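This report refers to the structure that appears directly beneath it.
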């Protein structure tokens with residue numbers, strides 16, 4: 001499903017237009033209207049409070065939760081430390097910017113929007129302002145882009161988002177059939193682990 005959110009997110013920084021609930025809001029309307037039966041979300045994008053009548057019925061096994069450093073094609077930088085002073089690093093996350101600005105004051109952090117494919121195209125464009133971008137490793141690997149990852153950015157360099165790397169399945173609370181399907185694929189420790197985080 002694509003909606004207004006997809007269009008708006010490509011134009012503005014996420015924190016300016018409503019935070020992470022934007023990722024789920026339109027989809028939850030479709031769920032409640034019975035247009036779809038299940039929603040699959042990155043756990044890090046699920047708001048703490050779900051709309052009435054909706055629930056998380058399953059959580060899949062968590063992938064590596066770290067973030068990834070991805071350099072422009074043709075460049076040989078291996079880490080953020082290798083980037084020349086003034087290099088522009090793209091990310092759509094205020095959390096990442098807040099942590100990295102303090103550790104890498106010589107770098108410029110600029111918002112980059114769009115899905116993973118779009119962000120990689122923006123990174124590699126001939127007129128790209130970006131020397132590198134930062135994305136969640138789990139998403140890169142799930143979408144088949146693991147070979148583009150230059151290096152991992154884990155603690156202490158960068159703390160990942162809460163429950164990053166896990167996928168949650170949201171259903172209508174009264175849909176017993178969907179709940180049974182979700183239970184059959186849920187990783188046993190993940191619902192408790194993600195709820196605790």
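The values are calculated or read from the model by the stated rules, or taken from the named source; none is laboratory data. This structure is a prediction, so every number in the text was calculated from the model and none was measured. Backbone-built Cβ (ideal geometry, glycine too); neighbour counts: all protein chains shown.
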Which of the residues belonging to the stretch 42-58 are farther than 22 Å from residue 115 by Cα and either assigned to a loop (DSSP other than H, G, I, E, B) or in contact with a helix residue (DSSP H, G or I) (Cβ under 7 Å, 6 or more places away or on another chain) (or both)?
48, 49, 50, 51, 52, 53, 54, 57, 58
Only residues that are closer than 30 Å to residue 179 by Cβ and surrounded by fewer than 17 Cβ atoms within 10 Å (Cβ to Cβ): list them for the stretch 140-168, please.
141, 142, 143, 162
I need a count of the residues in the stretch 95-140 that are over 23 Å from residue 84 (Cβ atoms) and either in the same structural domain as residue 44 (by TED's automatic domain parsing) or within 12 Å of the chain's Cα centre (by Cα) (or both).
10
Would you be able to tell me the number of residues in the stretch 112-121 that are part of a helix (DSSP H, G or I) and surrounded by fewer than 17 Cβ atoms within 10 Å (Cβ to Cβ)?
3
Within the stretch 95-103, identify whether any single residue is in a loop (DSSP other than H, G, I, E, B) and either within 23 Å of residue 121 (Cα to Cα) or free of Cβ contacts under 8 Å to residues at least 40 places away in the same chain (or both), and answer yes or no.
no
Given the conditions (1) closer than 25 Å to residue 137 by Cα; (2) modelled with pLDDT of 85 or more; (3) out of contact with any helix residue (DSSP H, G or I) (no Cβ under 7 Å at 6 or more places or on another chain); (4) surrounded by 14 or more Cβ atoms within 10 Å (Cβ to Cβ), report the number of the one that residue 31 does not fulfil.
(1)
Tell me which strands (runs of 3 or more DSSP E) are completely within the stretch 127-183 and hold 2 or more residues being touching a helix residue (DSSP H, G or I) at 6+ places or on another chain (Cβ under 8 Å) and more than 22 Å from residue 38 (Cβ to Cβ), or say none if there are none.
132-136, 151-153
Of the numbered conditions (1) under 28 Å from residue 40 (Cβ atoms); (2) in contact (Cβ under 8 Å) with a residue 24 or more places away in the chain, residue 78 satisfies every one except a single condition; which is it?
(1)
Out of the residues in the stretch 51-81 meeting the condition of being in contact with a strand residue (DSSP E or B) (Cβ under 7 Å, 6 or more places away or on another chain) and farther than 15 Å from residue 150 by Cβ, tell me which one is surrounded by the most Cβ atoms within 10 Å (Cβ to Cβ).
59
